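Some notes on the structure that comes next.
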Amino acid sequence: MAQRTEAPQILARCRELVRPALGRAVGQLHPWHAEITAFSLGWDGAGRDLPGAQGKGVRQALAVLGAEAVGAKAESAVLGAVAVELIHTFSLLHDDIMDGDETRRQRATAWRAYGTGPAVLAGDALFALAVQTLAGAPGGACAPAVRLLAGALNDLVHGQADDLLFESRPWTGPDAVQPHEYRRMAEQKTGALLGCATGLGAVLGGAGRSETDALTSAGRHLGVAFQAVDDVLGIWGDPEVTGKPVHSDLRRRKKTYPVLTALTAGGPAALRLAALLRTGEELDDHAARRAAGMVEEAGGRAAALAEADRQLERARACLESVALAPEPLADLLALLPYLSARLR
C-alpha cells in the first residue's frame with residue numbers, strides 16, 4: 001500500500017485543481033445568481049476565497065480521486081467535480097430555506113442575506129448549470145455521466161422529501177421514525193451525491209462497470225457516515241467549528257440518528273427523553289441540555305458514532321474489492337477516518 005498523504009492536503013490539492021473551472025462555471029450565471037452563489041461558496045466580490053468561509057471540498061476530492069483511482073489523469077474529472085459542487089451548493093441553498101437555518105459556516109445563509117425568492121432561484125440556476133456542465137463531457141462519457149447525475153438527483157430529492165415528512169411523524173409509537181428508515185434517508189439525501197462524485201470520477205476516467213459501481217457504493221456509504229457524524233455535531237458540536245449554537249438540532253426538535261436510536265434503546269433515559277419530546281414545548285437552554293444528556297445516557301451518541309464507523313468500513317471494503325491505482329486508493333482511504341476524527 002502506498003504511503004498516505006494527510007487528508008487536509010488531499011482536499012487542498014483537489015480544490016486547487018477544480019477551483020478555476022468552478023469559477024468559470026459560476027461566471028456563466030446571471031450576475032445576480034453568480035453573486036448569491038459566490039456568497040454561498042465563501043467568495044468575496046472579486047471571486048477570491050474568504051478565509052474560513054469555504055467547505056472542505058469533499059465531493060470535489062472524491063471526483064478527482066475517483067478518476068485517478070482508475071488510472072486516469074485528475075484533469076479528466078474536473079467537469080464532474082464542478083457539477084457535483086454546483087449540485088451540492090444548490091441543495092444547501094434549498095435545504096437552508098426548508099430547515100429555517102439562518103447561519104452556515106458562521107455566516108448568514110443565502111436566504112437570510114438575499115431573501116427566500118432569490119435564494120430559491122439561484123439554486124434552480126445551479127441545478128441547470130450542473131447538468132449543462134456535465135453535458136459538455138467529451139467522448140462517450142457524456143451520456144453515462146449525465147445518467148449517473150440524474151439518478152443521484154432523484155435520490156437526493158427523494159431523501160429530502162422523507163426528511164421533511166419525518167417532521168410530522170410522532171416520536172414514539174407504531175408510526176415513529178425508525179433508525180433503519182433514517183439510514184435509508186441519509187443514503188439518499190447525503191450518500192447519493194457523494195457516491196455520484198466518486199462514480200463520476202470513474203466514468204469520466206474511462207472505468208468499467210465494476211470499478212464505477214465499487215467507487216459509487218463507497219461514496220454512498222461514506223455519505224451515511226458523514227450524516228451520522230453531522231448529527232452528532234448538531235447536538236454536541238463546538239459552535240466555533242459548526243457555526244451553529246450548541247444543541248441546535250435538539251432545539252429544532254429535529255429527528256436525527258442519535259435521538260432516534262436513543263428513543264428505541266429502552267431504559268429510563270429513553271423513557272424520560274420520550275416524555276420530554278412528546279410535550280411539544282420549545283426547548284430552552286436548560287431543557288436542551290437535559291435532552292442531550294438523556295440522548296447520551298440512552299446510548300444515542302455512541303450508536304451514531306458506531307454507525308459512522310460501520311459505514312466507513314463498508315466504504316473501505318468497496319474500495320478494496322476492485323483493482324485501483326495504489327496512490328489514489330491510499331488517498332481515498334485516508335479521507336475515510338478524517339470525517340469521524342473530528343469527534344474523537
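The values are calculated or read from the model by the stated rules, or taken from the named source; none is laboratory data. Being a predicted model, the structure only gives us computed values, none of them experimental. Cβ: placed from backbone, ideal geometry, glycine included. Neighbour counts: every protein chain shown.
Side notes on the structure shown:
- Looking across region 242-270, the residues that are farther than 13 Å from GLY293 by Cα and over 28 Å from the mean Cα position of the chain (by Cα) come down to GLY266, GLY267.
- Where ALA119 falls short, out of the listed (1) of a type outside the set (S, T, N, Q); (2) within 26 Å of GLY280 (Cβ to Cβ); (3) in contact with a Ser or Thr (Cβ under 9 Å, 6 or more places away or on another chain); (4) at pLDDT 95 or above: (2)
- The residue of region 149-207 that is modelled with the lowest pLDDT, among those that are outside any helix (DSSP H, G or I) and among the charged types (D, E, K, R), is GLU167.
- Candidates GLN188, GLN178: the one that is closer than 27 Å to ALA83 by Cβ and not acidic (Asp, Glu) is GLN188.
- Qualifying positions in region 231-246 - crowded, with 20+ Cβ neighbours inside 10 Å and of a type outside the set (Val, Ile, Thr): ASP231, GLY234, GLY237, LYS244
- The set of residues from region 205-219 being more than 19 Å from HIS88 (Cα to Cα) and under 22 Å from the mean Cα position of the chain (by Cα) comprises THR212, ASP213, ALA214.
- Restricted to helices (runs of 4 or more DSSP H) entirely inside region 30-113, those with at least 2 residues that are touching a residue at least 40 places away in the same chain (Cβ under 8 Å), touching a Leu at 6+ places or on another chain (Cβ under 6 Å) and buried (at least 18 other Cβ atoms within 10 Å of the Cβ) are 58-69, 78-99.
- Filter result (outside any helix (DSSP H, G or I) and at pLDDT 95 or above) within region 266-309: GLY267, ALA298, GLY299
- Condition met for GLU282 (out of contact with any helix residue (DSSP H, G or I) (no Cβ under 7 Å at 6 or more places or on another chain), surrounded by fewer than 21 Cβ atoms within 10 Å (Cβ to Cβ) and not basic (Lys, Arg)): yes
- Test result for ALA21, in a helix (DSSP H, G or I), within 17 Å of the chain's Cα centre (by Cα) and either surrounded by fewer than 17 Cβ atoms within 10 Å (Cβ to Cβ) or modelled with pLDDT of 95 or more (or both): no
- Residue in region 157-167 that is without any contact (Cβ under 8 Å) to a residue 60 or more places away in the chain, at negative phi and β-branched (Val, Ile, Thr) present: yes
- For first residues located in region 319-344 and modelled with pLDDT of 95 or more, partners that are surrounded by fewer than 16 Cβ atoms within 10 Å (Cβ to Cβ) and hydrophobic (A, V, I, L, M, F, W, C) and lie 6+ apart or on another chain with Cβ distances below 7 Å form the pairs PRO326/MET1; PRO326/ALA2; GLU327/ALA2; ALA330/MET1; ALA330/ALA2.
- Residue that is farthest from the chain's Cα centre (by Cα), among those in region 271-300 that are under 14 Å from ARG253 (Cβ atoms) and among the acidic types (Asp, Glu): GLU281
- Residues within region 191-210 that are of a type outside the set (Gly, Ala, Ser) and either surrounded by fewer than 24 Cβ atoms within 10 Å (Cβ to Cβ) or closer than 21 Å to ALA302 by Cβ (or both), tallied: 1
- Output for region 146-181, where each listed residue is surrounded by 15 or more Cβ atoms within 10 Å (Cβ to Cβ) and of a type in the set (Ser, Thr, Tyr): THR172
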